[in-house]
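A.B. asks: Here it is, the structure, as structure tokens.
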Amino acid sequence: TLGGATSTGVLGVTMPSAPRAPDGGAAAWFRVFVYWFISAGTLGLQYMFGLLLVDLLAEYGQGRGYTAAVGSVGTACMEFVSIFTGWLIVKLGERPVCFLGAVSGGVGYLASASTTQLWHLFF
């Protein structure tokens with residue numbers, strides 16, 4: 001039995017109880033909050049691209065298909081990079097990879113604010 005905990009089944013047979021999940025405390029809840037915040041920032045921007053499309057069309061004056069391709073390419077890049085991200089998490093751990101992703105994402109968001117042509121957003 002796990003920790004000596006047992007329970008009596010329907011037929012009177014003693015069975016081990018299911019193990020209790022460990023309590024991570026405040027550190028675990030902080031990690032949940034941080035991962036939620038990161039997901040909201042990255043996935044939220046990808047999923048709300050349709051709302052940005054109208055402003056991007058007005059700002060850059062390009063066609064709808066070309067402008068919409070920015071969001072599609074961004075989503076495709078995010079999904080493609082996830083293959084390598086999983087490998088990096090196994091090799092380096094989740095904290096350094098998370099930090100690297102936050103820094104690269106932040107730099108990308110800041111760089112996108114200074115674009116003058118639509119094709120700049122593809123990089």
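A.B. asks: Please list CYS77, CYS98 from largest to smallest accessible area, probe radius 1.4 Å, with all protein chains kept in place.
C.D. replies: CYS77, CYS98
A.B. asks: Would you rank LEU43, LEU56 by solvent-accessible area, highest first, keeping every protein chain in place and using a 1.4 Å probe? All intermediate terms of the calculation are to be shown ahead of the outcome.
C.D. replies: Details: LEU43 60, LEU56 30 Å².
Final ranking, largest accessible area leading: LEU43, LEU56.
A.B. asks: Further question on the same structure: Mind ranking VAL90, VAL70 by accessible surface for me, highest first, 1.4 Å probe?
C.D. replies: These residues rank, largest area first, as VAL90, VAL70.
A.B. asks: If you don't mind, there's one more thing I want to ask. Output ³J(HN,Hα) for region 88-102: one whole-Hz value per residue in order, computed from phi by the Karplus curve 6.51 cos²θ - 1.76 cosθ + 1.60 with θ = phi - 60°, and x for Gly and Pro.
C.D. replies: Values, residue by residue: 5, 5, 5, 7, 9, x, 6, 5, x, 5, 5, 5, 4, x, 5 Hz.
A.B. asks: Also, I was wondering about something else. Apply the Karplus parameterisation 6.51 cos²θ - 1.76 cosθ + 1.60, with θ equal to phi minus 60°, to every residue of region 36-49 and state each ³J(HN,Hα) to the nearest whole Hz, in sequence, with x for glycine and proline.
C.D. replies: Once θ is set to phi - 60°, the couplings for region 36-49 become 5, 4, 5, 5, 5, x, 7, 5, x, 5, 5, 6, 9, 4 Hz.
A.B. asks: Now for a different question. At a 10 angstrom cut-off on C-beta neighbours, averaged per residue, how do the peptides 60-67, 108-115 rank from highest to lowest?
C.D. replies: 60-67, 108-115
A.B. asks: Using θ = phi - 60° and the Karplus form 6.51 cos²θ - 1.76 cosθ + 1.60, what ³J(HN,Hα) does each residue of region 65-79 get, whole Hz, x for Gly and Pro?
C.D. replies: Taking θ as phi minus 60°, the curve returns x, 5, 5, 5, 5, 4, x, 5, 5, x, 5, 4, 5, 4, 5 Hz for region 65-79.
The values are calculated or read from the model by the stated rules, or taken from the named source; none is laboratory data. Predicted model, so just to flag it, every value in this text is computed and none were measured. Reconstructed Cβ throughout: ideal geometry from the backbone, glycine too, with neighbour counts over all protein chains shown. Accessible surface areas use protein heavy atoms only, side chains included; no ligands, DNA or RNA. Shrake-Rupley method; radii C 1.70, N 1.55, O 1.52, S 1.80 Å.
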